[in-house]
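Written below as structure tokens is the structure these notes are about.
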Amino acid sequence: MLTATVFTDAPDRPLLLLATSVGTSAESLWTRCASRLYGRYHVVGLDLPGHGRSSPATGPFTIADLAREVVAVADRLRPGQSFLYAGDSIGGAIGLQLLLDAPERITAAALLCTGAKIGEAAAWGERAALVRAKGTDAVVAGSIERWFNPDFPASDQEPLLAALRATDDESYARCCEALADFDVRDRLAEIATPVLAVAGGHDKPTPVAGLELIASSVLHGRLVVLDNVAHLAPAESPEVVAFLLDQHFDESRAAGITVRREVLGPAHVDRATAATTPFTRDFQDLITRYAWGDIWTRPGLDRRSRSMITLTALIALGHHDELAMHVRAARTNGLTVDEIKEVLLQSAIYCGVPAANTAFRIAQQVLADL
């Protein structure tokens with residue numbers, strides 16, 4: 001039922017499967033994002049029945065059927081081995097079903113612009129009937145409204161819309177019917193595999209609240225909201241989605257982002273991640289891997305000691321914005337207010353009274369806000 005397209009051929013690296021939304025193909029949705037992955041994976045895109053390179057559906061199917069087909073593809077590529085998984089929309093729904101039905105096969109999952117229940121059964125039935133009667137051309141206008149944020153260029157929309165027009169009508173309708181019957185909201189707490197939930201701030205079919213429910217209900221969940229994205233995050237924001245997938249799937253980057261979120265706070269780090277641009281990504285990746293992954297994870301000093309050293313260095317160099325952030329981090333790492341005061345007093349002697357004077361002013365405001 002599902003056809004595989006290899007984006008990156010690396011047989012000795014972890015297998016990463018990328019699943020699509022209804023009406024798109026693996027190539028139209030994932031090509032730009034897959035090319036921007038820094039982590040090394042064997043990257044394979046999956047086409048739904050009647051989409052992209054896959055043959056049309058020969059009968060009805062459920063989301064659970066599609067999940068079993070994903071495992072079948074994985075077994076053809078890496079028999080019996082676990083794999084990484086990312087899916088958008090129905091691809092995310094398939095991912096949730098996989099996490100419930102075959103948790104031992106998935107090392108980590110990224111679920112984008114999706115939900116544990118997507119839309120209402122009646123609306124899916126109406127769309128299936130419309131496509132059967134008039135073809136996928138009948139849903140192009142509605143898809144433009146649902147799929148894209150207002151600033152997404154028309155030239156970038158066209159490959160996705162071409163994939164929609166080329167989709168087999170009956171297969172599209174059967175995907176709609178599969179989603180009409182899908183609802184795993186009451187089972188999310190069973191999921192123990194690490195899950196990254198990515199929401200689009202402009203997403204109408206799968207609003208932020210649905211991704212928030214997933215992230216807060218699974219045992220190990222993280223939510224990132226991309227403000228300028230609607231329903232097709234891998235196509236609308238390929239650089240940031242690739243950055244997020246690397247943070248979630250690549251071991252060195254995953255270690256770094258975990259410590260960074262623990263020390264600086266998840267809200268701050270996730271905002272910084274969501275604001276990443278092609279210009280800033282390399283720098284963000286650098287500090288995630290080396291500052292937080294290599295240095296802050298070393299066993300030679302505990303985090304309290306690292307906070308004291310960092311505060312002193314920032315005071316000495318006059319990095320005031322970073323100082324405010326690391327005063328908050330110092331409290332997270334267990335320093336008391338009195339201990340922070342002692343660090344600032346020590347800095348007055350060795351870094352200078354004017355530098356310490358500014359540091360006291362910044363720290364006092366931060367601590368008051370806390």
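The values are calculated or read from the model by the stated rules, or taken from the named source; none is laboratory data. Predicted, not measured: the structure shown is a model, and the values here were computed from it. Neighbour counts run over all protein chains shown; Cβ positions are idealised from the backbone, glycine included. These area figures cover heavy atoms from the full protein model, side chains too; ligands, DNA and RNA do not enter into them. Shrake-Rupley method; radii C 1.70, N 1.55, O 1.52, S 1.80 Å.
Could you tell me whether segment 130-141 includes any residue that is assigned to a helix (DSSP H, G or I), touching a residue at least 12 places away in the same chain (Cβ under 8 Å), more than 15 Å from the chain's Cα centre (by Cα) and under 29 Å from ARG36 (Cα atoms)? Break it down stepwise before answering.
Of all residues in segment 130-141, those assigned to a helix (DSSP H, G or I) come to 130-134, 136-141.
Subsequent filtering for residues that are touching a residue at least 12 places away in the same chain (Cβ under 8 Å) retains 131-132, 136-137, 139-140.
From what is left, the residues that are more than 15 Å from the chain's Cα centre (by Cα) are 131-132, 136-137, 139-140.
Now restrict to residues that are under 29 Å from ARG36 (Cα atoms): 140.
The answer is yes; a qualifying residue exists.
Please pick out the residue among LEU37, LEU46 that is modelled with pLDDT of 95 or more and within 16 Å of the chain's Cα centre (by Cα).
On inspection, the qualifying residue turns out to be LEU37.
Specify the residue that is most open to solvent (accessible area, probe 1.4 Å); the eligible residues are those in segment 189-209 that are part of a helix (DSSP H, G or I) and in contact with a helix residue (DSSP H, G or I) (Cβ under 9 Å, 6 or more places away or on another chain). Lay out the reasoning, then the answer.
First, the residues of segment 189-209 that are part of a helix (DSSP H, G or I): 189-190, 208-209.
Now drop any that are not in contact with a helix residue (DSSP H, G or I) (Cβ under 9 Å, 6 or more places away or on another chain), which leaves 189-190.
Numbers: ALA189: 83, GLU190: 109 Å².
Looking at the filtered set, the residue picked out is GLU190.
Just to verify a result, which residue in segment 11-45, among those that are in a helix (DSSP H, G or I), hydroxyl-bearing (Ser, Thr, Tyr) and open to solvent by less than 70 Å² (accessible area, probe 1.4 Å), is farthest from ARG127 (Cα to Cα)?
Filtering first and then ranking leaves THR31.
Could you identify the single residue in THR8, THR58, THR3 that is over 21 Å from THR193 (Cα atoms), hydroxyl-bearing (Ser, Thr, Tyr), surrounded by fewer than 20 Cβ atoms within 10 Å (Cβ to Cβ) and without any contact (Cβ under 8 Å) to a residue 12 or more places away in the chain?
Checking each option against the conditions leaves just THR58.
If I filter segment 163-188 down to residues being more than 26 Å from the chain's Cα centre (by Cα) and under 20 Å from ILE144 (Cβ atoms), which single residue comes out as surrounded by the fewest Cβ atoms within 10 Å (Cβ to Cβ)?
Only one residue tops the list, namely ARG165.
Go through (1) touching a Lys or Arg at 6+ places or on another chain (Cβ under 6 Å); (2) open to solvent by 10 Å² or more (accessible area, probe 1.4 Å) and name the single condition ALA116 misses.
(2)
Among the residues in segment 214-224, are any without any contact (Cβ under 8 Å) to a residue 60 or more places away in the chain, of a type in the set (Lys, Arg), closer than 29 Å to LEU335 by Cβ and not in a helix (DSSP H, G or I)?
yes
Could you please let me know if GLU126 is surrounded by fewer than 22 Cβ atoms within 10 Å (Cβ to Cβ) and closer than 23 Å to ILE63 by Cα?
yes
If a residue must be open to solvent by less than 100 Å² (accessible area, probe 1.4 Å) and either touching a Ser or Thr at 6+ places or on another chain (Cβ under 9 Å) or within 12 Å of LEU311 (Cα to Cα) (or both), how many such residues does segment 349-361 contain?
Total satisfying the criteria: 5.
Based on what the data block shows, is PHE148 under 25 Å from the mean Cα position of the chain (by Cα) and crowded, with 22+ Cβ neighbours inside 10 Å? Quick ask: steps written out before the conclusion?
Details: under 25 Å from the mean Cα position of the chain (by Cα): yes; crowded, with 22+ Cβ neighbours inside 10 Å: yes.
So PHE148 fits the description; yes.
Residues that are at pLDDT 95 or above, more than 30 Å from VAL140 (Cβ to Cβ) and in contact with a strand residue (DSSP E or B) (Cβ under 6 Å, 6 or more places away or on another chain): does segment 61-69 have at least one?
Keep residues of segment 61-69 that are at pLDDT 95 or above, which gives 61-69.
The next check asks that each one be more than 30 Å from VAL140 (Cβ to Cβ); those that pass are 68.
Pick out the ones that are also in contact with a strand residue (DSSP E or B) (Cβ under 6 Å, 6 or more places away or on another chain) and you get none.
No: segment 61-69 contains no residue that is at pLDDT 95 or above, more than 30 Å from VAL140 (Cβ to Cβ) and in contact with a strand residue (DSSP E or B) (Cβ under 6 Å, 6 or more places away or on another chain).
Identify all residues within segment 82-107 that are part of a strand (DSSP E or B), farther than 16 Å from ALA72 by Cα and not polar (S, T, N, Q); write none if there are none. Please lay out each step first, then the result.
Step one: filter segment 82-107 for residues part of a strand (DSSP E or B), giving 83-88, 106-107.
Among the residues that remain, those that are also farther than 16 Å from ALA72 by Cα are: 86-88, 107.
If the condition is that a residue be part of a strand (DSSP E or B), farther than 16 Å from ALA72 by Cα and not polar (S, T, N, Q), then ALA86, GLY87, ASP88 are the ones that fit.
Here are ALA316, ALA329, ALA324: which of them is among the aliphatic types (A, V, I, L, M), over 35 Å from the mean Cα position of the chain (by Cα) and in a helix (DSSP H, G or I)?
Details: ALA329 fails: over 35 Å from the mean Cα position of the chain (by Cα); ALA324 fails: over 35 Å from the mean Cα position of the chain (by Cα).
Result of the check over ALA316, ALA329, ALA324: ALA316.
Looking at THR58, THR20, can you tell me which residue is within 15 Å of the chain's Cα centre (by Cα), farther than 22 Å from SER252 by Cα and hydroxyl-bearing (Ser, Thr, Tyr)?
From the options THR58, THR20, the qualifying one is THR20.
Of the conditions (1) surrounded by 16 or more Cβ atoms within 10 Å (Cβ to Cβ); (2) not in a loop (DSSP other than H, G, I, E, B), ASP75 satisfies every one except a single condition; which number is it?
Failing condition for ASP75: (1).
Report whether or not ALA93 is within 20 Å of the chain's Cα centre (by Cα), at pLDDT 95 or above and closer than 21 Å to ASP250 by Cα.
No: the conditions fail for ALA93.
Among the candidates LEU66, LEU48, LEU111, which residue alone is open to solvent by less than 10 Å² (accessible area, probe 1.4 Å), within 30 Å of THR288 (Cα to Cα) and touching a helix residue (DSSP H, G or I) at 6+ places or on another chain (Cβ under 8 Å)? Reasoning before the result, please.
Numbers: LEU66 fails: within 30 Å of THR288 (Cα to Cα); LEU48 fails: within 30 Å of THR288 (Cα to Cα).
Step by step, each of LEU66, LEU48, LEU111 is checked, and only LEU111 is open to solvent by less than 10 Å² (accessible area, probe 1.4 Å), within 30 Å of THR288 (Cα to Cα) and touching a helix residue (DSSP H, G or I) at 6+ places or on another chain (Cβ under 8 Å).
Show me the helices (runs of 4 or more DSSP H) found entirely inside segment 231-311 where at least 1 residues are open to solvent by 30 Å² or more (accessible area, probe 1.4 Å) and among the small types (Gly, Ala, Ser).
Details: elements: 233-236, 238-249, 251-264, 266-274, 281-286.
Because the criterion is at least 1 residues that are open to solvent by 30 Å² or more (accessible area, probe 1.4 Å) and among the small types (Gly, Ala, Ser), the helices (runs of 4 or more DSSP H) in segment 231-311 that meet it are 251-264, 266-274.
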